[in-house]
1. Taking every alpha carbon pair in the chain, what does the distance histogram look like in 10 angstrom bins from 0, in percent?
2. Per the helix-only calculation at 222 nm, which mean residue ellipticity applies to the chain, given -39500 (n - 2.57) for every DSSP H run of n ≥ 4 and division by its residues, nearest 500 deg cm²/dmol?
3. Please compute the modelled spin-label separation between Ala65 and Leu9, points set 7 Å along Cα→Cβ, answer in nm with one decimal.
4. Binning every alpha carbon pair distance of the range 1-57 at 5 Å from zero, what are the percents per bin?
5. Quote the FRET efficiency, to the nearest 0.05, computed for Leu58 versus Asn120 with a Förster distance R0 of 35 Å and r equal to the Cβ-Cβ distance.
6. Spin-label point model (7 Å from Cα, Cβ direction): what's the Ile29 to Asp133 distance in nm?
7. Nearest 0.05, what FRET efficiency do Gln18 and Asn186 give at R0 = 30 Å with Cβ-Cβ as r?
8. If I fit a long axis through the Cα atoms of helix 181-191 and take the longest principal axis of the Cα atoms of the chain, what angle between them do I get, 0 to 90°, rounded to 10?
Amino acid sequence: MPSDSVQSLLSSTISNFQITTDVQAISRIGDHIRILKSARDLERDQMLDILRSLSRRLELAKTAATAPSSPTRRSHTEKILELDRTKFSLAKTINELESAYHASESTLTRLNEELERVKNEDVIADASGAQQDPTILLLKIYRSLGISLEDDGRGEYGKAIVRSRQNNDIRVLSLDQTYSNFFIANYLWDMM
């Protein structure tokens, strides 16, 4: 690989390690999650109030029911069934809102953990230490992408082992001269 392309790869890699916008995005996501949580809590409380009101109306309707021979018995039964359907619909909506709340909460927890991990990494120190040896930096970049290179015993790399995080798969690509650099690059990107 020409040294100019290695230097341009290193420069573009170092410039991509700016995390200020990521931290701001995570902060905005946290704010949105808090807003969504409060809106969902308010909506859940409203739904619970409606559910309680409907339950009271149902109980009142049951106690006010007339004798079985009354001509309004059928309409009363239909009204009770309608209120039961509304009650179950509201209960389902509340359940869905709680599930969405828990999903948002777990996403927030995961994002906070990732933010802490990013804060704890000293990316700039790693990059400046690796500037002395571009091969080490290149190997670190490959490893972070899930690619491991195997030495063929002659000082060159004979195989690339690609670990795909999407489908938990491992593929091996021979790095001999039968494949062009373009094919190898596309293959590695497709496997990640």
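Each value in this text was obtained by applying a stated rule to the coordinates, not by laboratory testing. Just so you know, these numbers come straight off a predicted model, no measurement behind them. Here Cβ is always computed from backbone atoms with ideal geometry, including for glycine, and neighbour counts include all displayed protein chains.
1. 7, 19, 19, 14, 11, 10, 8, 6, 3, 1
2. About -24500 deg cm²/dmol.
3. Spacing of the two 7 Å Cα→Cβ label points: 7.8 nm.
4. Calculated P(r), rounded to whole percents: 5, 15, 10, 10, 8, 9, 7, 7, 6, 5, 5, 4, 3, 3, 2, 1, 0.
5. 0.05
6. 3.5 nm
7. Efficiency for this residue pair is about 0.65.
8. Around 30 degrees separate the two axes.
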